[in-house]
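The block underneath contains the structure these notes are about, expressed in structure tokens.
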Amino acid sequence: MAGTPINTVPWNGHVGAVSFTFDDALANQPQNLKPMLDDLPDVHVTFFLTDMGNGLKQNAAGFAALAKAGNEIGNHTKTHAHLTGVGSDSELEEEIVKFAETIESTLAEQGADVKVTSLATPFCENNAKIKDVIAKRHFINRDCGWHGRNDWDTEPDWMSLQAKIWTRSGATVTEMLSALDTAAYIGNFEGANPWDVQVKDGSWLVVLNHGVTDDAGDDYAINPSDIKKIFEHAVENKLWVAPFGTVGAYHRAHFVVDAATSNATDDGFTVTWEIPNEHMPKSVPLRVKIDTQSVDENAVVEQAGKKIVPESDGSYIIEFMAKELKVRKPNADDVLDDSQSTLHKTTFANPAYTKYTVFDLNGVRLGGTNGWIIPASYPKGSYIIRAEAGDLPAVTRIVNK
Ligand SMILES: [Zn+2]
């Protein structure tokens, strides 16, 4: 089979993406954002920590709680240094590489298991030498840029992603809401400057914030009520509101997987790929479309020997970090024939799982079941059932005769 059999669904199935980032490890961030984010389950953000002003040490408990709630913790250097003014490589490593370890160990003391994979350069000062040091410990770096948007089809400089900066004097809430509309391609762009127009397949807006407080004297800070309004607008626009490193890893992974070619096997094909940077997150789930029909209408998709069933839209959620994927014809072990109208527990059921979700062969979710039992009310035919626990799904195909 020639060509690429995998196509990643842009922005995890959303119209576009937005990542809100908060710099400098300020006390008002956990204070004002933690309760707000607890009420917005579809919003997860990134905090770039520094120990400038003892910010990391003093606010470690608050940031650990935010990390445990699914937000990203990134690196903003030890002293918030002007990196272009740092002379020696060892000082750069101290600011960047070693401080990433310090963040992880400091938050571990607060019970948060954090892997720091993203960096943001202070003052957005960057050059080739700095990028080399960043890449020793991080797979992505945030700098500044006036529109802050990234195109699905254009591979950016991963060591210099652009972000739109918030300041009270430099941006209005209306402008931020409009930037979110542009990312989601909502509005009339006829005759607009090309830079103001959303790009094909949605775009990824990265927003750079600092404090979250009503203190009007702090030009870099945003009012809690304003950032809440902006979060809510992003959700209304159906954008993927996810941390910088999460969207960045998805974006970076798709350039690799979508370019991978397949190798024919006796019963289908395999696809393998390489990880482009060893400091990517431990897990990078990718929502993809796979050409399975060329193998079999009931083809089985597997990674590391575990079967993956399609989602309700026919896409599959695969693990990029597994570096391989196999598509093959179904065999006898995939299909359980039973003369009963109701199927019962079988020897290959994983005893660790008791609850399952039942799908039809198009991947449409039909409902739940306990054990390997298809409710008698279901029509005769083939079903896919998937265990509702475990890091990768335990799946099999069964026939209700
Ligand atoms: Zn900063």
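Tabulated data
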| read-out | value |
| --- | --- |
| Single condition D157 does not satisfy, out of (1) open to solvent by 30 Å² or more (accessible area, probe 1.4 Å); (2) under 30 Å from G217 (Cα atoms); (3) assigned to a loop (DSSP other than H, G, I, E, B) | (2) |
| Scope region 25-43; condition within 15 Å of the ligand (Cβ to nearest atom) and surrounded by 21 or more Cβ atoms within 10 Å (Cβ to Cβ); matching residues | A25, L26, Q29 |
| Matching residues in region 199-240 - criterion: being more than 21 Å from T174 (Cβ to Cβ) and modelled with pLDDT of 95 or more | W240 |
| Out of P285, P243, P281, sole residue that is within 22 Å of the chain's Cα centre (by Cα), open to solvent by 40 Å² or more (accessible area, probe 1.4 Å), at pLDDT 90 or above and not aromatic (F, W, Y) | P285 |
| Residue that is within 16 Å of the ligand (Cβ to nearest atom), closer than 24 Å to T167 by Cβ and open to solvent by 40 Å² or more (accessible area, probe 1.4 Å), where the choices are T121, T79, T50, T46 | T79 |
| Region 263-278, subset open to solvent by less than 40 Å² (accessible area, probe 1.4 Å) and closer than 19 Å to I317 by Cβ, residue nearest to the chain's Cα centre (by Cα) | W273 |
| Condition check for G74: assigned by TED's automatic domain parsing to the domain that holds P10 and buried (at least 16 other Cβ atoms within 10 Å of the Cβ) | yes |
| Total residues in region 124-154, condition surrounded by fewer than 20 Cβ atoms within 10 Å (Cβ to Cβ), more than 16 Å from the ligand (Cβ to nearest atom) and part of a loop (DSSP other than H, G, I, E, B) | 9 |
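The values are calculated or read from the model by the stated rules, or taken from the named source; none is laboratory data. Everything quoted here is computed from the prediction, not taken from an experiment. Positions of Cβ are generated from backbone atoms using ideal geometry, with glycine treated the same way; all protein chains shown enter the neighbour counts. To get the accessible areas, we keep the full protein, side chains included, count just its heavy atoms, and leave off ligands, DNA and RNA. Shrake-Rupley method; radii C 1.70, N 1.55, O 1.52, S 1.80 Å.
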